Amino acid sequence: MTERRTARRYDLSLPIIIRNPAERQDDSQEGKTRDISTRGLYFVIEQDLEAGSELDITLTLPAEITHGSEVYVRALGKVVRVERRMEDGTARLGVAAVIERYDIIRGQTTSA
């Protein structure tokens, strides 16, 4: 099988918030990324999503990674694949999504 990815992937477990852009902001799910790139990501959540679903994604890059303040990445994307998986004895969904657009929002600098 030939590798189709063109962007480098990074194995990062980061907190992520997923929303459907057509629904209210209150309807969100929390999960964790497994890997990310500039073009896509793979994350794990508990609730169902379907291939083709549009996503409003917010993930947090902690100060330890950015060497300063937290950085938030807000992205719009689309689900390309959903897999059922067991993680820590709990049924979860692994979701692969393509990123169509993203913005980087810098947090406040932490003081020592």
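Every number in this text was worked out from the coordinates using simple rules, so none of it is lab data. In this text the structure is predicted, and so the values were computed from the model without any measurement.
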Check your understanding: How high is the relative contact order of the chain, in percent, counting Cα pairs under 8 Å that sit 6 or more residues apart?
Key -> 23
**Study point:** Cα-based equivalent ellipsoid of the chain: semi-axis lengths in Å, sorted from largest, via gyration tensor
**Key:** 23, 17, 15
Revision key, fill the gap. Per-residue ellipticity at 222 nm attributable to helices in the chain (runs of n ≥ 4 DSSP H, -39500 (n - 2.57) apiece, nearest 500 deg cm²/dmol) works out to -500 deg cm²/dmol
